[in-house]
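Report on one structure; see the data block that follows.
The values are calculated or read from the model by the stated rules, or taken from the named source; none is laboratory data. Computed from a prediction, not measured in an experiment: that's the story for all the values here. Methodologically, a virtual Cβ is constructed for each residue, glycine included, from the backbone with ideal geometry; neighbour enumeration extends over all protein chains shown.
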Amino acid sequence: MSSVPTAIEAAKPSLPRARMRLSWRILGPLLVIGVLALGATFVPMLYGYDPLHTDLLMRLKPPGTIAPNGMMAVFGTDEVGSDLFAEMMAGTRVSLIVGVCTLVLAGGIGSLLGLLAGYYGDWFDTALMRIADIQLAFPSILLAILLVSVLGQGILNVIIVLSIANWVIFARVVRSQVLTLKNREYVQAARTLGAGDLHIIFRTILPGCIAPMLVIASVEFGYVVLAEASLSFLGVGAPFGTPSLGSTIATGTQYLATAWWISTIPGLLLLVLVLATGVLGDALRDHFDPSLRSAR
Amino acid sequence: MNQIRVSEKGSVAMGAPLLSVQNLQVEFRTAAGVARALDGVSFDVRAGETLAVLGESGSGKSVTAQAIMALLPRAIGSIVGGSILYHGIDLAQRPIHEVRKLCATDIAMVFQDPLSSLNPVFRIGYQLAEPFRRRLGMGKKQAWAKALELLKRVGIPDAETRISDFPHQFSGGQRQRIMIAMAIALEPKLLIADEPTTALDATVQKQIMTLLADLQAETGMAMILISHDLGVVAQVAERVAIMYAGRIVESGPIRDTYDYPAHPYTRGLLDSIPNAAGMGRQLTPITGSPPNLLSLPKGCAFNPRCPSVNDLCRAQVPSLRQPEGWAASHSAACHRTGEVLAHA
Amino acid sequence: MLGYIVRRLLLALFVLWGVATVVFVIVRMVPADPALLIAGQTATAEQVAQLRAQMGLDQPWIVQYLEYLQKALAGDFGYSYTHSVPALQLIGQVLPNTALLALLACAVAIVVSIPLGVWAALRVNRLGDRVITTVSLIIQALPGFWIGVVMLLVFSRMLKWLPSAGLVGPQSLILPTLVLALPFIAILTRLTRSGLIEVNSEGYINTARAKGLREVTVVFPHAMRNALIPIVTVVGLQFGTLLGGAVVTETVFSYPGIGKLLVSSIQLRDYNVLQACVVVIAAAFVIVNLLVDLLYAFIDPRVRLSK
């Protein structure tokens, strides 16, 4: 019925104007995340942040206090005297590391499994999907809590646990993309040219899966960062001695009346980080394929 | 735009036309720019007559129907000029909800794809009864009785049982019959059928066209048949208007137009379809590609593809005029009709 | 439809079995010896061995597994190490509180989101829609525990309007319900909006308009009836996230629910209770999803009338 817009689409030359408009939704979040990453790398060093160091004189100081060494505690200090800004940035470092490593692990394994299940089908596919069903019956934070309580705390454990909790969505999305592409003509063509299975999976079909993988990855990044923070908040994530935005907020709950900034400001940072990934994910999805709405 | 109203040159004025579209202009705002979907379209439809509107995808034929029924997608499309006169009211100037009041009771529409045009979660009895219940305020029982009547009238077998079924339980042809039934429920004076047979098999196409012709004979309603298929409308339509790039490039009585086209585009269309007389002859497609509505060529929109183009064609938009030697109600928007096309 | 129901039921049963098994496996992976934990540091080796035999921990794991399944079906998850009452009893005391919270949050979310989503969809890309979409995006990015803490700070500590812990009356429900409902509201609003927008471009909406129906009648029932169908399934899925969120929210507000029990059982190393909590929560999720799927089959005639 709307044949007019269709005719327009068919005749449209590539216009730089349209591309530029959408890139702000992608560039903006990337910029924010980049700045945060820079901060996470350098700020703790600049402030000489040491999670195990206590400076009782500087305990619970409000934002804006000037320390004896002349530096200003931009966001105040925490209950052991560490500068909150530095601590937040150190926590961000942990969040980003956990996020990236989990995505790589969960994304890599999940996508691989999804590729194989989608391509070969049969019992492997059924088995994988049943396992996925069982896993999805656990609210993911629950599964993470359960696993961490068993494996013990530690950043590596958190990464492993969150990877286990999140591989499923990669597997499902990639699998469904493979099912769509498997019977496309260019794949059949590659087969008739004598390409072997491995070649078809990795050189022919995989490139067509990159777009959905990117979309899911950017959305999942936010979820993983939130999950790590939640686990640390509950005391089952980052161990004592490793700073984390979640555990900082948790300790701050004891000082809500006296030092509200300890709980509040790291949360704002977390919000900004997750929001940036959310906007990025939306923008990527709109750019590549609006039908990839993940039902989380 | 100097578009001469066809009816002014018409041979027999049988009273005022039922619907008179004059110089209608519609634009679509898209991400890539503003597209001129209709660039000054004018035609009349008299009571009881059947006008076929033909053209390729993107020619603007569906947009015309949407504009008449206030169905243009609100965020993107809008009427930017011209008028749509029905019973003296200019529909183009009226607010949408007022125009909608005329829908179904005076002007009704049948859409192209009957599967997606019927609501999948409501029984067809409900959908057929809906015009009676909501527009006429009829009670449920009475409305369903009317719905049953309509179903029988359009030839659905076993109507008593099937009235409680859902759209996905019918075949394509049956769904189109149901759509037609829904459209004529309130006895409209004008039925617009937007590619009613495109989504159907060839055998079913003929059945539907016959049904439309029968219904028209019974009710005396006027019809606008929109299609890209010159053959399918041939039996039912009396007059035809050929559209290209948002303009009407030729219009006239259907037999005259098919036998003696007055515009190179029509000539091209006729040459490119197979017919029994020319068996064994090679088909001649129209060269070039459909026009880009975001940037139409200067002068006649067809000039990049026209085999008889000259400088005047590239400079000046031709207006609809009756060429010398052709029938009085037959007009074409071409500078060179008499020179390049023969009226044998 | 019967085939669909049977298949979904079988799948649900299979998943429940899988859940119980996974929990069994994971909890058995605990490095500590439960018998030692109960007996304490001062127990002698014989006492510990005796306790192990009593708890059945010296049996081969397959026997343990089968016993576990058998007991689980009967609702016996063993005794809590810390409270010496059956684990299920502890859960029974707190589960209604969580159920209340979850249901309230669901109700609030549905009542708020659907009108908002519809309103946004009817004003696509205009100011009202953009505001709602942006706010939804921000809410979805909010860390649940953080907003809970902030609300605690503002409404409890600073304004002293609402209680900060426990379950002392209906006013204790307000903040946890709100915090729990927020992400749900954001997601449901966006889904309603996008579902309605998608449906609006379907052919039958134009047919309804061409019938001259008023815009209100076009939206309700024609559009909404179709848009709500996929939303129902997503509500079911979101319920799981709601349950997960309850764990965190209950901790923040010290609300006596199954989430708080779960967290404390981890800290106290009370593995029987932990096991039971996880199985109960997961089972609840499976059941809710099953019900939602059945409901879906009922309201979509294309499924209802198929095999």
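A few notes on this one:
- Verdict on B:Tyr258 being touching a Cys at 6+ places or on another chain (Cβ under 8 Å) and either of a type in the set (Ser, Thr, Tyr) or without any contact (Cβ under 8 Å) to a residue 24 or more places away in the chain (or both): no
- Every residue from segment C:143-171 that is away from every other protein chain (no Cβ under 12 Å) and either touching a Phe, Trp or Tyr at 6+ places or on another chain (Cβ under 6 Å) or farther than 16 Å from C:Val108 by Cα (or both): C:Leu159, C:Trp161, C:Leu162, C:Pro163, C:Gly166, C:Leu167, C:Val168, C:Gly169
- Breaking point among (1) closer than 23 Å to C:Ala165 by Cα; (2) within 7 Å of chain C (Cβ to nearest Cβ), for A:Leu270: (1)
- For segment C:85-184, the helices (runs of 4 or more DSSP H) that sit wholly inside it and include 1 or more residues that are out of contact with any strand residue (DSSP E or B) (no Cβ under 9 Å at 6 or more places or on another chain), in contact (Cβ under 8 Å) with a residue 40 or more places away in the chain and within 30 Å of C:Val216 (Cβ to Cβ) are C:87-122, C:127-141.
- Elements of the type helices (runs of 4 or more DSSP H) sitting completely within segment B:200-283 and holding at least 1 residues that are over 20 Å from the mean Cα position of the chain (by Cα): these cover B:202-219, B:254-259, B:264-272.
- Boolean, C:Ile205 is under 19 Å from the mean Cα position of the chain (by Cα) and not small (Gly, Ala, Ser): no
- Any hit, segment C:36-54, residues being modelled with pLDDT under 75, assigned to a helix (DSSP H, G or I), surrounded by 13 or more Cβ atoms within 10 Å (Cβ to Cβ) and within 14 Å of chain A (Cβ to nearest Cβ): yes
- Of the candidates A:Val236, A:Val225, the single residue that is facing chain C (nearest Cβ under 7 Å), buried (at least 19 other Cβ atoms within 10 Å of the Cβ) and over 15 Å from C:Leu153 (Cβ atoms) is A:Val236.
- Any chance B:Ser57 is out of contact with any Phe, Trp or Tyr (no Cβ under 8 Å at 6 or more places or on another chain), of a type in the set (Gly, Ala, Ser) and in a loop (DSSP other than H, G, I, E, B): yes
- Entirely in segment A:106-185, the helices (runs of 4 or more DSSP H) that have 2 or more residues that are more than 14 Å from every other protein chain (Cβ to nearest Cβ): A:122-136, A:155-182
- First in segment A:196-211 and touching a residue at least 40 places away in the same chain (Cβ under 8 Å), second anywhere and of a type in the set (Val, Ile, Thr), Cβ under 8 Å, 6 or more apart: A:Ile200/A:Val187; A:Ile205/A:Val178; A:Ile205/A:Val187; A:Cys209/A:Val174; A:Cys209/A:Val178
- Looking only at residues of segment B:126-140 that are surrounded by fewer than 20 Cβ atoms within 10 Å (Cβ to Cβ) and in a helix (DSSP H, G or I), we find that the one that is farthest from the chain's Cα centre (by Cα) is B:Lys140.
- A single member of C:Arg214, C:Arg190, C:Arg130 is out of contact with any Cys (no Cβ under 6 Å at 6 or more places or on another chain), within 30 Å of B:Asp113 (Cβ to Cβ) and surrounded by fewer than 22 Cβ atoms within 10 Å (Cβ to Cβ), and it is C:Arg214.
- Count - residues of segment B:91-119 that are assigned to a loop (DSSP other than H, G, I, E, B), of a type outside the set (Asp, Glu) and more than 7 Å from chain C (Cβ to nearest Cβ): 6
- Entry remark, segment B:137-193: residues being of a type in the set (D, E, K, R) and free of Cβ contacts under 8 Å to residues at least 24 places away in the same chain number 6 in total.
- Looking across segment B:16-38, the residues that are in contact with a strand residue (DSSP E or B) (Cβ under 6 Å, 6 or more places away or on another chain), modelled with pLDDT under 90 and away from chain A (no Cβ under 12 Å) come down to B:Pro17, B:Leu18.
- Residue count for segment B:48-58 under the criterion of being more than 8 Å from chain A (Cβ to nearest Cβ) and among the hydroxyl-bearing types (Ser, Thr, Tyr): the result is 1.
- Residue pairs whose Cβ atoms lie under 7 Å apart, separated by 6 or more positions or on different chains, with the first residue in segment C:7-33 and of a type in the set (Phe, Trp, Tyr) and the second modelled with pLDDT under 85, are C:Phe24/C:Tyr65; C:Phe24/C:Tyr68.
- Residues in segment C:246-270 that are at the interface with chain A (Cβ under 9 Å from one of its Cβ atoms) and surrounded by fewer than 24 Cβ atoms within 10 Å (Cβ to Cβ): C:Thr251, C:Val263, C:Ile266, C:Gln267, C:Arg269.
- Complete set of residues in segment C:206-264 that are in contact (Cβ under 8 Å) with a residue 24 or more places away in the chain and of a type in the set (S, T, N, Q): C:Asn226, C:Thr233, C:Gln238, C:Thr241, C:Thr249, C:Thr251, C:Ser254
- Filtered residues of segment C:61-72 (kept if of a type outside the set (Phe, Trp, Tyr) and either touching a helix residue (DSSP H, G or I) at 6+ places or on another chain (Cβ under 9 Å) or modelled with pLDDT under 75 (or both)): C:Gln64, C:Leu69, C:Ala72
- Residue match in segment B:320-329 (condition: without any contact (Cβ under 8 Å) to a residue 40 or more places away in the chain, closer than 19 Å to B:Val41 by Cα and not hydroxyl-bearing (Ser, Thr, Tyr)): no
- Condition broken by A:Val279, with the remaining ones in (1) more than 26 Å from A:Ser23 (Cβ to Cβ); (2) of a type outside the set (S, T, N, Q); (3) within 10 Å of chain C (Cβ to nearest Cβ) satisfied: (1)
- If you check A:Ala67, A:Ala37 for being in contact with a helix residue (DSSP H, G or I) (Cβ under 9 Å, 6 or more places away or on another chain), surrounded by 15 or more Cβ atoms within 10 Å (Cβ to Cβ), over 18 Å from A:Leu256 (Cα atoms) and modelled with pLDDT under 75, only one passes: A:Ala67.
- Residue within segment C:281-290 that is more than 9 Å from chain A (Cβ to nearest Cβ), under 17 Å from the mean Cα position of the chain (by Cα), surrounded by 21 or more Cβ atoms within 10 Å (Cβ to Cβ) and over 19 Å from C:Tyr68 (Cβ atoms) present: no
- Scanning segment A:239-251 for residues that are surrounded by fewer than 24 Cβ atoms within 10 Å (Cβ to Cβ) and closer than 18 Å to A:Ile160 by Cβ yields a total of 2.
- Each residue in segment C:216-243 was checked for being farther than 30 Å from A:Leu142 by Cβ and facing another protein chain (nearest Cβ under 7 Å), and 4 pass.
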